[in-house]
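The values are calculated or read from the model by the stated rules, or taken from the named source; none is laboratory data. Computed from a predicted structure; not experimentally measured. Neighbour counts run over all protein chains shown; Cβ positions are idealised from the backbone, glycine included.
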Amino acid sequence: MTNRRIVGLTGGIATGKSTVSNYLKKRHKISVFDADVYARQAVEKGSEILKRIAERYGGEMLQEDGTLKRKKLGEIIFKNPEEKQWLEEQIHPYVRDRLEEDAHNTDDAIVVLDVPLLFEANMTDLATEIWVVYCTPQQQRSRLMQRDALSAEQAQARIHSQMSIETKRDRADVVLDNSATREQLIQQIDAAVTTFGDNKQM
């Protein structure tokens, strides 16, 4: 187990984490377990967590078929930090359990846990090394505006709802700098995959 690597892959919104995740799966054939998938499963129709959400916010939070009105819930938690914290307290333990189960149910020499809120949700202990996908805050805002058709103010508000990308970068074992070209990013990913120990990229 000494050489087994469990990578906690994270970054900020619109920094390029999905690009890295997809490349790891396609090029290196590495198993990537996605926290966002489990977060969606946590609130599936009939789940205990969805029942708690409906009890807290009322039946109007559900579609006619019993599924969650995600946009409506998002509007609530985005404007209210206390409600955001409550929701995360419901979902994060479920996500954590699934990721931990995945990491330990495979004998692969390297696996990746794709967790956007790795630091915020205190899940860093699940990984043996932490990779942060980084770009400048200005690039992050510009890319988010373009990707989601947001105003500068809307984009900045979403960025501010997360830990700053500089703070995440400073806490990383490996920094994948996505502020230049895709080719340069790929070179860094390839190097990180083949590098053992705590050697930092960038």
**OP:** Specify which of the listed residues (71, 26) is under 30 Å from residue 194 (Cβ atoms) and assigned to a helix (DSSP H, G or I).
**Re:** 26
**OP:** For residue 84, work out the one condition from (1) touching a strand residue (DSSP E or B) at 6+ places or on another chain (Cβ under 7 Å); (2) closer than 24 Å to residue 165 by Cα; (3) at pLDDT below 95 it doesn't fulfil.
**Re:** (1)
Original post:
Are any residues in the range 101-136 in a strand (DSSP E or B) and in contact with a Phe, Trp or Tyr (Cβ under 8 Å, 6 or more places away or on another chain), and if so, which ones?
Top reply: 111, 112, 113, 114
**OP:** Go through the range 137-180 residue by residue and tally those that are more than 23 Å from residue 193 (Cα to Cα) and either in contact with a helix residue (DSSP H, G or I) (Cβ under 7 Å, 6 or more places away or on another chain) or part of a loop (DSSP other than H, G, I, E, B) (or both).
**Re:** 17
**OP:** Taking only the range 1-49 into account, find how many residues are within 29 Å of residue 71 (Cβ to Cβ) and without any contact (Cβ under 8 Å) to a residue 60 or more places away in the chain.
**Re:** 15
Subject >> Residues of the range 37-84 classified as acidic (Asp, Glu) and surrounded by 13 or more Cβ atoms within 10 Å (Cβ to Cβ), total >> reply: 1
**OP:** Looking only at the range 122-154, count how many residues are without any contact (Cβ under 8 Å) to a residue 60 or more places away in the chain and among the hydrophobic types (A, V, I, L, M, F, W, C).
**Re:** 4
**OP:** Could you tell me which residue of the range 167-199 is farthest from residue 28 (Cα to Cα), considering only residues that are surrounded by fewer than 13 Cβ atoms within 10 Å (Cβ to Cβ) and acidic (Asp, Glu)?
**Re:** 170
Subject >> Boolean, residue 98 is free of Cβ contacts under 8 Å to residues at least 60 places away in the same chain and either more than 17 Å from residue 162 (Cβ to Cβ) or not in a strand (DSSP E or B) (or both) >> reply: no
